[in-house]
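Written out below as structure tokens is the structure these notes cover.
The values are calculated or read from the model by the stated rules, or taken from the named source; none is laboratory data. None of the values given here were measured: they were computed from a predicted structure. Reconstructed Cβ throughout: ideal geometry from the backbone, glycine too, with neighbour counts over all protein chains shown. What goes into the accessible areas is simple: the full protein's heavy atoms, side chains included, and nothing from ligands, DNA or RNA. Shrake-Rupley method; radii C 1.70, N 1.55, O 1.52, S 1.80 Å.
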Amino acid sequence: MHTTVPTSIRRRCALLLPVLALAGAARSQDEPTAPPQGQPQEQSPATPPRPPGGAPPSKDALKMGSPPQLAPGTTEQQMWPAATAEGWKKPVLIPWQRSFDDALRVAKATNKPILVAVNMDGEIASEHYAGVRYREPGTAKLFEPYVCVVASVYRHTPRDHDEHGRRILCPRLGDVTCGEHIAAETELYDKYFEGIRISPRHIALELDGTKTYDVYFSWDTQTVFTALVKGAENRPPPTPLLRDLPIVDRTQSADVQDRTDVETTYQTATPEVRRELIKAVVARRTVDQVDLLRLAVFGLDLEAARLARQALAQSETEPAVDLIAEALKAPLAADERELLIAASARMAKKYPRARTLTALHQGLAQTSKWVDARRWSEIEYEARARAAGVGEARTLETRATQAQARPTDTAAHLDLAEAFLARALDPATEKSFAKLLVDDARAAASSARELGGDSWRLASVLAVTSALSGDEEAARAHAVKAVEGGMLMPDASADAVMERTGVRVVALFAQARQMAIRSAYRAGTGWPPEWLADVNAAYALLSKHPLGTDDNLVSFYDFLRWLGGTTRANGILDDALARFPGSPLVHDRLRARLLWESGPDGLEGAYADRLAKEPANSDLVWFAGYASLVAAENHRRAGDAEKAFGAYERGIAHYESFVAQRPEGRTSADHFVALALAGRARLALDARDYAAATRQIVAAFARSPESAASPDGLNITPADTAKMLREQLINQPMELAVELQRALDALDPKLLEKRAFELDNPTPRPRRNPPRQPPTDPPK
């Protein structure tokens, strides 16, 4: 289904895919990802029929006693009941290690096997383990013989540390930050997941890395408990970790409990004890205590902060690189800044992230050899064009006649290619005809190249036509050749088509440099800082050019955030918001930044302030409603039902106001109001207020039936909530069950089918594989 959105938004709207932090280890913590918010999804017309009983359990699950399928007469909601609001408030009782490396260290010290637990949002059994089983003393007892590490690709808090350097633990999984369980998932996927992401999954590993068992697709919970017991049988007693050591000595332990105790002591200790702890980290380099150093770096004890930066400069682990990146954002003495940059350069031999950080601080300080906006603007374009051989404008017909008359003339074919491209880019040209013209332009340019043409003009035409034809890789390569070949950047006084071509080529050149940097990062190789200088100069030009787009600025913003250049990136986003105030792309990044800086309350407050200044701005009303829904979902993740309910209520009010101003946008507003009502239904269900839950979910289906299969930011659809509620209404007044079933019966049956990750064929898309996340803003 395609939703109807405000005209001014629709013109600028792009499909936005939220970034799953699948590369958590490769990203700075300073890169928040906005929580995804759902939309109606088109149903696949080719979904194959599913065999009864679902996907077979893994071989190890069968060995541990899993039935081959769900027992007849049993529903998934009965097998894996959801946690209540009270249940989510209970602490997770399993002591997850902060990284797989920590788990290996602790396993070797204790002679325990490692247990990897994989979890995902929205999947019914994963929800049960996260909200029920991992919080039960009996389950925690079964995990005690193992060193445990948890993996999940989903982020549940906007950031991992507060402004004082204190850890913000994942409200869903407990002892770890979201960045840690995301990084663990990335590493473990490469090593042990065999190319598929399945959840829930429990893998036991020996100290040499071999699997003892890999249990997934089990059709009960007992199978996992049996595996936990059998995997710990007949093992020699583990070596206990010593907890009665002086706190200074415990800085040498990688165990999560020791790390937590050391950090807690630091926050409550005298200045003398704090400095002793930091000095111990400097003097004895058994374990990098990055979170301890973070507390010192962002604390008020200036001497401890100085000692922490010294210790940080000696660190060897990748998390230290991210802390160095954050420390370098603050004002520092020149010698301390040089010390940290030198440490980054030293670790660059081992970590791509450090190479990137080092090149960042070098590259932003350089000027580009190839993109000189000042030179392009100061020299009159016409004179440069004549010197480069750019002839006077001719009609397409004239150039076609000349190319036909001179079949071996390179210049004639190039002129013809430019004429075809000019006609294709003319707004008056019909779209279907424009595509044919692009093909003709590319063919003519290729002919010119075959005849020996090798100019920046030819490369620029090939770049733009390749991009318009969908050949992005070739487009970027041609753009690099054009810019490095001395391309003339036309200004507003030049031919409009040539100006549009030039702007596109500069954007493609910037993308090419970005791709080259990312490729070098993934390959673990270095890259010249000059590439970043090129990117910076190209986007500086595009940000000021009348033909620059919101996509250009957001691309630069994202890239700088990925690199760690937060201060510069924030300035880019502010400029983008001022220039494109109604851009969904820009607002997507603004929400993420506001969540990062001030949490869900700050997100709503910022939009309320903007709306107070422009109450008649219907676009802003729409975005304020969306911000309230995102805030509500963040409150739900944190277990604050009262705040979540209030945020949903405000979001609904914004969308009602929007419809009053813009009736043509009702479809879009109805969709998000339906998701808000379904979110409130889930809150009521968690609180066991079944009458309220029924009322809210029925209202959601009535408001937008097509939204029933749309996942919200917690990956839960209204249909999911309705199915879970239906199971709970068995022992409630009959009229509630009748009302709910009547609402379900009124829906298109396709909306109640299993989602892609629940399909029962384990290959190539296994059941419980994380779904592709929906766009964060409505499609055109």
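Straightening the chain between residue 754 and residue 194 buys 199.2 nm, computed as 0.36 nm per residue apart minus the Cα-Cα spacing. Contact order, relative form, for the chain: 19 percent (alpha carbon pairs under 8 Å, 6 or more residues apart, mean separation divided by residue count). Applying both filters, DSSP loop and at most 11 other Cβ atoms within 10 Å, to the chymotrypsin sites (Phe, Trp or Tyr not before Pro) of segment 166-224 eliminates every site. Rounded to the nearest 20 debye, the dipole size of segment 613-705 about its Cα centre is 160 debye, using +1 on the Cβ of Lys and Arg and -1 on the Cβ of Asp and Glu. Residue 206 to residue 649: FRET efficiency via 1/(1 + (r/R0)^6), r the Cβ-Cβ distance, R0 41 Å, to the nearest 0.05? FRET efficiency, residue 206 to residue 649: 0.20. Peptide packing: for 668-677, 64-73, the average count of neighbouring Cβ atoms within 10 Å per residue gives the ranking 668-677, 64-73, highest mean first. Here is the list for segment 220-309: GluC sites (Glu not before Pro) lying in DSSP coil, each with at most 14 other C-beta atoms within 10 angstrom of its C-beta, are 233. Treating r as the C-beta distance of residue 656 and residue 329 and R0 as 56 Å, the FRET efficiency rounds to 0.85. Any chance you could check the Cα centroid distance between segment 529-550 and segment 262-333 for me, in angstrom? Going from one Cα centre to the other spans 37 Å.
Given their separation in residues at 0.36 nm each and the Cα-Cα distance between them, residue 443 and residue 268 gain 55.8 nm when the chain is fully extended. Sorted from greatest to least, the principal axis extents spanned by the alpha carbons of segment 272-378 come out as 61, 29, 19 Å.
Placing a label point 7 Å from the Cα of residue 74 along the Cα-to-Cβ direction, the residues of segment 190-228 whose backbone N falls under 20 Å of that point are 199-202, 215-228. Here the extension length gained between residue 430 and residue 141 equals 97.1 nm, from 0.36 nm per residue of separation less the Cα-Cα distance.
Karplus-derived 3J(HN,Hα) values for segment 738-753, using 6.51 cos²θ - 1.76 cosθ + 1.60 with θ = phi - 60°, are 5, 5, 5, 5, 4, 5, 5, 5, 6, 7, 4, x, 4, 6, 9, 6 Hz; glycine and proline are entered as x.
Judged by the ratio a/c of the largest to the smallest principal axis of the C-alpha gyration tensor, segment 477-615 counts as oblate, that ratio being 1.5 or greater while a/b is no larger than b/c.
What ranking, highest mean first, results for peptides 731-741, 689-699 when packing means the other Cβ atoms within 10 Å averaged over each residue?
Numbers: 731-741: 14.2, 689-699: 20.5.
By packing density, highest mean first, the sequence is 689-699, 731-741.
Per atom type, the chain shows carbon and sulfur on 55% of its accessible surface, probed at 1.4 Å. The tail of the calculated P(r) for segment 202-295, taken as Cα-Cα distances beyond 22 Å, holds 50 percent of the pairs.
For residue 193, the shell of other residues with beta-carbons less than 12 Å away shows a net charge of -1, using +1 for Lys and Arg and -1 for Asp and Glu. Looking at the chain, the pairs of alpha carbons with a distance over 53 Å make up 19% of the total.
When Rg and Dmax are taken over the Cα atoms of segment 77-138, they come to 13.9, 41 Å.
Measure up 90/643; 112/349; 90/750; 108/141; 59/750 against 29 Å on the Cα-Cα distance and list the ones that go over. Flagged as over cut-off: 112/349; 90/750; 59/750. When only the Cβ of Lys, Arg, Asp and Glu is charged (+1, +1, -1, -1), the dipole of the chain relative to its Cα centre reaches about 720 debye. FRET efficiency for the pair residue 111 and residue 306, taken as 1/(1 + (r/R0)^6) with r the Cβ-Cβ distance and R0 = 35 Å, rounds to 0.30. Each of 457, 522 has its accessible area taken with a 1.4 Å probe; listed largest first, they run 522, 457. When the helices of the chain are scored as -39500 (n - 2.57) per DSSP H run of n ≥ 4 and the total is divided over every residue, the value at 222 nm lands at -18000 deg cm²/dmol. Heavy atoms of the protein chains alone define the surface here; on that basis the chain has 42 Å² accessible area per residue at 1.4 Å probe size.
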